[in-house]
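Working notes, structure below.
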Amino acid sequence: EDIEEKNPKLFDGGTTLLHFTANNGHHNICKKIIENISDKNPLDKDTWTPLHCAAQNGHLKVCEYILKNIEENNPKGLGDITPLHIAAQNGHFGVCKYILKNTTDKDPKDATGRTPYDLADYNDHSKICELIAEERGDKDYQHRSVQVHFLNRRIQNHLNNFSNLIKSSPMGTCNAVS
């Protein structure tokens, strides 16, 4: 019997049964499939692996089992996105912690230069930012929320525009806005 028939591609995108079960957190089924196939972390057409799928949904037990059975512990997919990027972006602390403990690259960059820290920061996952900073040896870590800074800039721009509008109105200046 062909061993790869036990992990058939289910859709045109190359998604296998292992991708599907990892995505849905079916640890026992993933374990059975992995025990019986040669490629323990196959790629789909977007170069996502079952580990990417499990990390996206925070399925820690599935991630742990896959990581124990593969060589590349933080594989890059399309756009150089790693499972650590995905877990950090989605706020999956346990998955991030496990991947960080089992990979040498604690700060991988995707094709646009973003790191898992950047994605966690943007999505205001401060505990993950702290974890990543600690793992990469950043002793001067201070959480900075990109969203908060962006929002503050937008508010300041709106206030400046409003102030300029009032100053340029036919009524003259207004002391209400300083």
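The values are calculated or read from the model by the stated rules, or taken from the named source; none is laboratory data. Note that the structure is a prediction, hence the values are computed from the model and not measured. Cβ atoms come from the backbone with ideal geometry, glycine included; neighbour counts cover every protein chain shown. Heads up: the accessible areas ignore ligands, DNA and RNA and are worked out on the full protein's heavy atoms, side chains in. Shrake-Rupley method; radii C 1.70, N 1.55, O 1.52, S 1.80 Å.
For this structure, a couple of remarks:
- Residue count for segment 50-81 under the criterion of being outside any loop (DSSP other than H, G, I, E, B) and either touching an Asp or Glu at 6+ places or on another chain (Cβ under 8 Å) or of a type in the set (A, V, I, L, M, F, W, C) (or both): the result is 12.
- Scan of segment 50-59 for residues that are open to solvent by less than 40 Å² (accessible area, probe 1.4 Å) and farther than 14 Å from GLY79 by Cβ, ordered by number: PRO50, LEU51, CYS53, ALA54, ALA55, GLY58
- Against the conditions (1) farther than 14 Å from HIS19 by Cα; (2) in a loop (DSSP other than H, G, I, E, B); (3) in contact with a Lys or Arg (Cβ under 9 Å, 6 or more places away or on another chain), ASP105 satisfies every one except (3).
Results for (1) open to solvent by less than 40 Å² (accessible area, probe 1.4 Å); (2) closer than 28 Å to LYS32 by Cβ, shown as yes or no for each residue.
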| residue | (1), (2) |
| --- | --- |
| GLU72 | no, yes |
| ASP80 | no, no |
| ILE99 | yes, yes |
| PRO116 | yes, no |
| TYR122 | no, no |
| ALA133 | yes, no |
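- Yes/no for ILE132 being in contact with a His (Cβ under 7 Å, 6 or more places away or on another chain), among the β-branched types (Val, Ile, Thr), modelled with pLDDT of 90 or more and closer than 19 Å to HIS52 by Cβ: no
- Only residues that are within 11 Å of the chain's Cα centre (by Cα) and open to solvent by 40 Å² or more (accessible area, probe 1.4 Å) were counted in segment 82-97, giving 4.
- Taking residues in segment 115-135 that are over 14 Å from LYS97 (Cβ atoms), and partners anywhere that are not in a helix (DSSP H, G or I), the pairs with Cβ atoms closer than 6 Å and at least 6 places apart or on different chains are THR115/ASP107; THR115/LYS109; ASP124/SER145; SER126/HIS143.
- Within segment 100-140, the set of residues being touching a Phe, Trp or Tyr at 6+ places or on another chain (Cβ under 7 Å) and hydroxyl-bearing (Ser, Thr, Tyr) is empty.
- Selection status of VAL62, within 20 Å of ILE33 (Cβ to Cβ), open to solvent by less than 30 Å² (accessible area, probe 1.4 Å), in contact with a Leu (Cβ under 7 Å, 6 or more places away or on another chain) and among the aliphatic types (A, V, I, L, M): no
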